[in-house]
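Enquirer: Got a structure here, written out as structure tokens. Questions coming.
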Amino acid sequence: MGDWLQAHKDLPLDQQLKLLENEPGFKKLAADRQAALRERLKKFNSLPPEKRDQALQRMEFLAKLTPLQRQQLRSANEQLKGLPPERQVAVHTALRHLRQMPPADRQQVIQSDRFRSTFSDQEQKLISQLAEISPADGTAQNPQPK
């Protein structure tokens, strides 16, 4: 879906919907799946441009992960949802900063006293797991967990 959206993101919604319905596999999908895809396309188009770009980046990132990495990401996101909202924000913020660092610097921060005193053991493990998930081709790691 990410490649398709990337290729058609600048077209008006009505044209996108027509193209989607003319995709070879679309007609073979169950009616509820077709409806869900139409709704996702409408929702995507209702986003502000910067949010659309973020969504496309996230899809590209996820497409490049191995099945094991996608499962690890899903598991970590489930754990993240179990944290209080303010801790979710703290974990997201730390993760965003860590993903922008080279691996050696990232490890140094994760092993620092400040990091260990700021985050619980569970949060540290979660941040470490998420910060290490990277596509096999070595592309940049900016997407945030959902």
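The values are calculated or read from the model by the stated rules, or taken from the named source; none is laboratory data. Computed from a prediction, not measured in an experiment: that's the story for all the values here. Glycine gets a Cβ as well: all are built from the backbone with ideal geometry, and neighbour counts include every protein chain shown. Ligands, DNA and RNA are excluded from the accessible area calculation, which covers all protein heavy atoms including side chains. Shrake-Rupley method; radii C 1.70, N 1.55, O 1.52, S 1.80 Å.
Enquirer: Using the heavy atoms of the protein chains alone and a 1.4 angstrom probe, what is the accessible area of the chain per residue in square angstrom?
Expert: That works out to 64 Å² per residue.
Enquirer: Note down the nm distance, to one decimal, between modelled labels 7 Å out along Cα→Cβ at Gln129 and at Arg74.
Expert: So the label points at Gln129 and Arg74 sit 1.3 nm apart.
Enquirer: Peptides 92-101, 39-48: what's the order by average Cβ count within 10 Å, highest mean first?
Expert: Listed from highest to lowest mean packing, they are 92-101, 39-48.
Enquirer: Taking 10 °C and 1.306 mPa s as the conditions, I'd like the Stokes-Einstein D for segment 46-122 in µm²/s, using the Kirkwood hydrodynamic radius from alpha carbon pairs.
Expert: 109
Enquirer: Next up: Using the crude model of +1 on Lys and Arg Cβ and -1 on Asp and Glu Cβ, and no other charge, please compute the dipole size for segment 1-59 relative to its Cα centre, in debye to 20.
Expert: It works out to roughly 180 debye.
Enquirer: Which order do peptides 79-91, 19-31 fall in by mean Cβ count within 10 Å, highest first?
Expert: In descending order of packing, they fall as 79-91, 19-31.
Enquirer: Just want to confirm a number: the relative contact order over segment 1-112, from Cα pairs under 8 angstrom separated by 6+ residues, in percent. Please report the intermediate quantities before stating the final value.
Expert: On the way: 24 pairs, mean separation 25.3, N = 112.
Rounded, it is 23 percent for segment 1-112.
Enquirer: Related question: Suppose every K and R has +1 on its Cβ and every D and E has -1 on its Cβ; what is the size of the dipole of the chain about the Cα centre, in Debye to the nearest 20?
Expert: Magnitude of the dipole: close to 300 debye.
Enquirer: I would also like to ask the following. If you roll a 1.4 angstrom probe over the protein chains with everything in place, what fraction of the accessible area of the chain belongs to carbon and sulfur, to the nearest %?
Expert: Ligands and nucleic acids excluded, carbon and sulfur give 53 percent.
Enquirer: Still on this structure, I have one more. Taking each pair of different alpha-carbon atoms in the chain once, compute 1/r for the pair, average those values, and report the inverse of that mean as the Kirkwood hydrodynamic radius in Å to one decimal.
Expert: The Cα-based Kirkwood calculation yields 17.3 Å.
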